[in-house]
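**Student:** Just dropping this structure here.
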Amino acid sequence: MLRLVLLAAIWGSSFLFMRIAAPVLGPAVLIEYRVGFAAVFLAIVGVILKKRLDLRANWKHYLILGLLNSAFPFLLFAFAARTLSASVLSVLNATAPMWGALIGALWSRQAISGRSALGLILGTAGVALLVGFDQVTSRPGAAVAIAAALVAAVSYSVASAYAKTAESVEPFANAHGSMWAATLLVIPVLPFFPAPAEPTIGIMGAALALGILCSGIAYILYFKLIQDVGPTSALTVTFLNPLFGILWGALFLGELVGWHTILGAAIVITGTALVTGFRPAFLSRAIVPLSPKSK
């Protein structure tokens, strides 16, 4: 449980760091720093742990994963972070599993259940509530930023759908290889989005934290969590991320947390849980009849 909360706290802080650094560095430069720092960090860890990438066999896989799960969504969130608050970004990010379930149903051509349909309605309503009442949505360019963040969440879900059909690759290699691929993929975007201003030490610290802490270390924690408790329990981190995104934004950026922020986040999380069929492990255990040995 402690590792789960720690991971949620780290990933929730990514929106704080993006909100700090994106207006100064711009989306492309910031994300090039993020994936570049993460790639170098994971390379060092890979050498220590003697983990191989096997580029010859998996380079196409790393490129696809690096595009869908890192380069493209990271750029979109960094673009949105120039306008939106950390709390709004974190809630919009929490819709990713919801879109993933929808894409999975469409991909397999299966009918969407009533539970999933209700979850989609709730998730959409939660986003609408958050967007409709939050002051940041009145800023110039907010509508485009919101759309970019939602498309980024969809990209994460497409990456998950792809990963399920792709050839099995060792989890650490997935993280390491995709970060190098993302580093290469962002380079052509750099001329179109130069840094608006010279970065300070604090801004570079935020970029470094995004790369090493929120990408490198977070990936190691996440894949270790999946290995130890399974993917279903690890999914809980998705529901905790917005709580920390809202908390860090309020504590360090002075963002206002209104009733619409809390209620919108709760509705989005509830809708996502319904769509994904997620049920916390402690609830599952609670409804299982006790065996004679357990009494």
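**Student:** Which residues, taken from the stretch 83-102, are β-branched (Val, Ile, Thr) and in a helix (DSSP H, G or I)?
**Tutor:** Listed by number, the residues that qualify are Val88, Val91.
**Student:** Is it the case that the stretch 83-97 has a residue that's open to solvent by 10 Å² or more (accessible area, probe 1.4 Å), under 30 Å from Asp54 (Cα atoms) and under 17 Å from the mean Cα position of the chain (by Cα)?
**Tutor:** Yes, some residue in the stretch 83-97 is open to solvent by 10 Å² or more (accessible area, probe 1.4 Å), under 30 Å from Asp54 (Cα atoms) and under 17 Å from the mean Cα position of the chain (by Cα).
**Student:** Evaluate the following for Arg279: is it under 30 Å from Ala173 (Cα atoms) and at pLDDT below 85?
**Tutor:** So Arg279 fits the description; yes.
**Student:** Just to be sure, is Ala166 open to solvent by less than 70 Å² (accessible area, probe 1.4 Å) and closer than 30 Å to Val131 by Cβ?
**Tutor:** Considered against the rule, which asks whether it is open to solvent by less than 70 Å² (accessible area, probe 1.4 Å) and closer than 30 Å to Val131 by Cβ, Ala166 comes out as no.
**Student:** Identify the single condition in (1) modelled with pLDDT of 90 or more; (2) among the β-branched types (Val, Ile, Thr); (3) not in a helix (DSSP H, G or I) that Ile217 does not satisfy, given that it satisfies every other one.
**Tutor:** (3)
**Student:** Okay, next question. Among Ala111, Ala105, which is in a helix (DSSP H, G or I) and either open to solvent by 50 Å² or more (accessible area, probe 1.4 Å) or without any contact (Cβ under 8 Å) to a residue 24 or more places away in the chain (or both)?
**Tutor:** One residue alone meets the criteria, Ala105.
**Student:** Specify which of the listed residues (Ser116, Ser108, Ser85) is at negative phi and at pLDDT 90 or above.
**Tutor:** Answer to the selection: Ser85.
**Student:** Still on this model: Does Phe239 qualify as being at pLDDT below 80 and either among the aromatic types (Phe, Trp, Tyr) or outside any helix (DSSP H, G or I) (or both)?
**Tutor:** So Phe239 fits the description; yes.
**Student:** Let me ask something else. Go through the stretch 170-203 and report how many residues are of a type outside the set (Asp, Glu) and either farther than 26 Å from Gly100 by Cα or surrounded by fewer than 19 Cβ atoms within 10 Å (Cβ to Cβ) (or both).
**Tutor:** Summing the residues that are of a type outside the set (Asp, Glu) and either farther than 26 Å from Gly100 by Cα or surrounded by fewer than 19 Cβ atoms within 10 Å (Cβ to Cβ) (or both) in the stretch 170-203 gives 18.
**Student:** Does the stretch 42-82 hold any residues that are open to solvent by less than 40 Å² (accessible area, probe 1.4 Å) and not in a helix (DSSP H, G or I), and which are they?
**Tutor:** Scanning the stretch 42-82 gives a single hit, Leu53.
**Student:** Confirm whether Leu4 is open to solvent by 10 Å² or more (accessible area, probe 1.4 Å) and touching a Ser or Thr at 6+ places or on another chain (Cβ under 9 Å).
**Tutor:** Judged against the criteria, Leu4 is a match.
The values are calculated or read from the model by the stated rules, or taken from the named source; none is laboratory data. Quantities reported herein were computed from a predicted structural model and do not represent experimental measurements. When we count neighbours, we look across all protein chains shown, and the Cβ atoms used for this are built from the backbone with ideal geometry, even at glycine. To get the accessible areas, we keep the full protein, side chains included, count just its heavy atoms, and leave off ligands, DNA and RNA. Shrake-Rupley method; radii C 1.70, N 1.55, O 1.52, S 1.80 Å.
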